[in-house]
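These notes concern the structure reproduced below.
The values are calculated or read from the model by the stated rules, or taken from the named source; none is laboratory data. Everything quoted here is computed from the prediction, not taken from an experiment. We place every Cβ from the backbone using ideal geometry, glycine too, and count neighbours over all the protein chains shown. Side chains included, ligands, DNA and RNA excluded: accessible areas come from the protein's heavy atoms. Shrake-Rupley method; radii C 1.70, N 1.55, O 1.52, S 1.80 Å.
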Amino acid sequence: MGLPVVLVHGLRLSGTMWRPQQEMLEAQGRRVVAVDLPGHGTRRGEVFTLPGAIGAVAEAIDAVGGRALLVGLSLGGFVSIAVAAAHPGRVAGLVAAGCTARPAQTLAQVYRIPAVLLDRLPDHGQAVNERFHRLTLPSDGAAAALDGGLAMEAARAVIDEISDMEVLEALGAYQGPVWLINGARDAFRIHERRFLEACVDGRLLNVPRAGHMVSLDQPENFAKLVGDIADAVSVRGAEVPPPGAARSSDPQV
């Protein structure tokens, strides 16, 4: 069965966005869990807080045996970094995708003002976001992203919580292996080198012809990456590299 995998979704989405990867990885005999963060999916109506999100992911890891490969996209990437810093013994390896931009700058500039404007619409921007996902993602990816509903009401609380996160400090506090994965067309790559430098044991992968939602743009490729990473972490076992271990980057996969 190998190392369990815990998947953490992006802003407004839910665990259903990971359906393509979950199906592919489970077909390999792996144990896979896709978490719903507070305020999202099956937990809509709850208030999103970063401690609450960390707790939700830690509980999911405990449910699969107490140690797992942790994979997060966008908001899920930031949350996963926070979990790895807070509970390093539970995180055998970390995949942080689509989140190599410092949140204090990017979330405030890119998300806060649109979130305020969307809140003024009768549906809080639900139709606009649904149309955006259907236009920018493959049909199967859009269906997976939208099946759990869009938690439009959660955006402002998420932005307020994550904007204050010291993400580079949290990333540097985790001693285990880290994979930073971005779509080559993702605008959120802007600080990827700073994120790589913050890692104790990090490597950077850019996926050609993919955007911010890299796991949905190229689901099979992303699932293969996650499976290969889980196998690599399993082979490493509990070995933890010393501070200052060499970092690596691979511009394309």
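Our estimate of slack between Thr49 and Arg194, defined as 0.36 nm per intervening residue step minus the Cα-Cα distance, is 49.6 nm. Extension gain, Asn221-Asp62: 0.36 nm per intervening residue step, less the Cα-Cα distance, totals 54.5 nm. Compute the distribution of all C-alpha to C-alpha distances in region 1-87, in bins of 10 Å from 0, and list the percent of pairs in each, rounded to whole numbers. Result, from short to long distances: 19, 55, 24, 2 percent.
These residues, Arg236, Arg44, go from largest to smallest accessible area, 1.4 Å probe, as Arg44, Arg236. Amide H to amide H, with H built 1.01 Å from N, Ala210 comes under 5 Å of Ala184, Arg185, counting only residues 5 or more places away or on other chains. Count Lys and Arg as plus one, Asp and Glu as minus one, and take only other residues whose Cβ is under 15 Å from that of Ala56; the net charge is then -2.
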